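Below: the structure, in structure tokens.
Here, each number is a calculation from the coordinates, and none is a lab measurement. Owing to the predicted nature of the structure, the values given are computational and were not obtained by experimental measurement. Because the Cβ atoms are built from the backbone with ideal geometry, glycine has one as well, and the counts that use them run over all protein chains shown.
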Amino acid sequence: MKTAEIRSRFIDFFVKHQHVDVPSASLLYNDPTLLFVNAGMVPFKPYFLGDEPAPYDRAVSAQKCVRTLDIEEVGKTTRHGTFFQMLGNFSFGDYFKEGAITYAWEFVTGSEEDGCLGFDPETVWVTALHGDQETIDLWQKVGIPRERIQERGLKDNYWHMGVPGPGGPCSEIYIDRGPGFGADGGPEADEDRFLEIWNLVFQQEELSAVRAKDDFDVARQLPSRNIDTGAGLERIALLKQNVANMYEIDEVYPVIQKAAELSGKRYGDDHTDDIRFRVVADHVRSSLMLMTDGVTPGNEARGYVLRRLLRRVIRSMRLLGVSAPVLLELLPVSRDLMRVSYPDIDAAWPRVAEAAEAEEKSFRRTLQSGTVLFDSAVDDARSEHVTTLPGDQAFRLHDTFGFPIDLTMEMAAEQGLTVDRARFDALMKEQKERARADAKSKKGGAASLEAYRELREAGEVPFLGYTDLDVSTRVR
Ligand code: ATP
Ligand code: MG
Ligand code: MG
Ligand code: MG
């Protein structure tokens, strides 16, 4: 079952059940708490909070999402993309828990002939917030035995998106991929074997403060009880297509094939290379979708995230052995896969190609000039018979040439050397402290700190450094 078909099955199913089909919002949808849309509910937030009257009682969407928070997971887990599509059905004060659970069960386990997904009911596991007996009863009523319903705490089963925002208990649906994929014992035991596909959120309150994922204050009950659900399209696709991970589905895999062709290496031969192939495929698609929606590479906020994604593609391809330009080889493959569902990609393409080419040129220059310093540091180490490159050199590469530390470390490893990481980290820390003191003493510093603080609170803190997307304050 093609990814595009799963998407339309979902929409059709809920339209049949009186939901209004709402097209995906731009990734840059204007929400002051976010850099990018990261969940299907974001465009509907004002309706949930009661700030605006909902123009319909029920809606369904397939929303483009970007989660920079997941960047380090990409290629290493089977299920995290920086870009993905979230399918969702929404009720604004209309049906609540019973409706959401009944619809989800029918769509997941109903037959393919009837337009559903046709998963074997025996492989379905669900979770509920500890003590949410109503939800547990409803799942048992549709036919899930009690032993496949697990109760979890606030950290896993209360969903919110920070402040200001709605929240509520949630119930998640997992598919057991079978004993070959990991330990028995349900999602509580193993989230690789038990793949989370769908989160049903029972939105009922607005939060006033969030200190941690499971430590928050409730300001008020929402004016209505709502349903907000999010299902990962790519995760359903990987299961229906019987492939190992979300980078091998029909909408993504041809980019891996192209990267393999360019590098002369085979996907599947080497664990480390395979991660690089998957990072390339994921980031190429995210970059394409971000640029289509109007982001250009830059040094701040959204532009920096894009720059980081593009540079990681180039770097990963170099580590796969390709030193020629790659972006205009890889992006068109993703474009041809995604244009079916997102026709606006074609109109944006000339602008996208131009920006990508310019970014690649400038990064190649960076790499070139930095490599001279790098090579001489390697020569010095060799003649001094040491196996560690000084942290000062790594810092200079970072500071003067914009060399990310992981690039320096990987290049060093290729030469059989390591990097004095402790010294590098100490120098980075000193530099950050200097910058902080500078910002305090300079006029205008307050304004930029304010902007920085806002990003921090949104959990999206870019431009701290190439590898350092600090997401420690993120709440979901
Ligand atoms: P996980 O625990 O696997 O990180 P999550 O609990 O953070 O997922 P939710 O916030 O509940 O995810 O999002 C709703 C659904 O969106 C998930 O059930 C999943 O199917 C999908 N999803 C979430 N993050 C990603 C991602 N990075 N890539 C692909 N799909 C995702
Ligand atoms: Mg997650
Ligand atoms: Mg989860
Ligand atoms: Mg979840």
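Quick notes on this one:
- Long pairs among 2/141; 2/361; 64/141; 16/97; 16/240; 76/240, criterion Cα-Cα beyond 27 Å: 2/141; 2/361; 64/141
- Its Cα centre serving as origin, segment 3-240 has a Cβ charge dipole (Lys and Arg +1, Asp and Glu -1) of approximately 400 debye.
- Taking every alpha-carbon pair under 8 Å whose residues sit at least 6 apart, the chain reaches a relative contact order of 13 percent.
- Between helix 271-292 and the chain: long-axis angle, C-alpha atoms, 0 to 90°, nearest 10: 70 degrees
- Degrees separating the helix 391-401 axis from the principal Cα axis of the chain, which is the longest one: 80 degrees
- In straight-distance terms, cross-link reach from residue 440 covers every one of the lysines whose alpha-carbon lies under 29 Å from its own, apart from those fewer than eight places away in the same chain; here that gives 429, 432.
- Segment 3-240: C-alpha gyration tensor shape, a/c 1.5 cut-off, then a/b vs b/c: rounded
- Average Cα contact separation per residue, segment 3-240, under 8 Å, 6 or more apart, as relative contact order %: 20 percent
- Ellipsoid semi-axes in whole angstrom, largest first, where each is sqrt(5λ) of the Cα gyration tensor of segment 252-370: 21, 18, 11
- Degrees, to the nearest 10: 421-441 long Cα axis against longest axis of the chain: 80 degrees
- The helix-only estimate of mean residue ellipticity at 222 nm for the chain, built from DSSP H runs of length n ≥ 4 each weighted as -39500 (n - 2.57), is -14500 deg cm²/dmol after division by the residue total.
- Looking at the chain, the DSSP beta bridges with both ends there are about 85 percent antiparallel.
- Within a straight-line Cα-Cα reach of under 16 Å, residue 45 can be paired with the following aspartates and glutamates, leaving aside sequence neighbours fewer than 8 residues apart in one chain: 31, 57, 94, 205, 206, 228.
- Spherically averaged projected area of the chain from its Cα convex hull (nm²): 24.1 nm²
- Normalised by the number of residues in segment 190-269, the average gap of Cα pairs under 8 Å and 6 or more apart makes the relative contact order 23 percent.
- Spherically averaged projected area in nm², based on the convex hull that wraps the Cα atoms of segment 374-438: 4.2 nm²
- Cα centre as origin, Lys/Arg/Asp/Glu Cβ charges: the chain dipole, Debye: 1300 debye
- Over all pairs of different C-alpha atoms, segment 139-295 has a mean inverse distance whose reciprocal, the Kirkwood radius, equals 18.6 Å.
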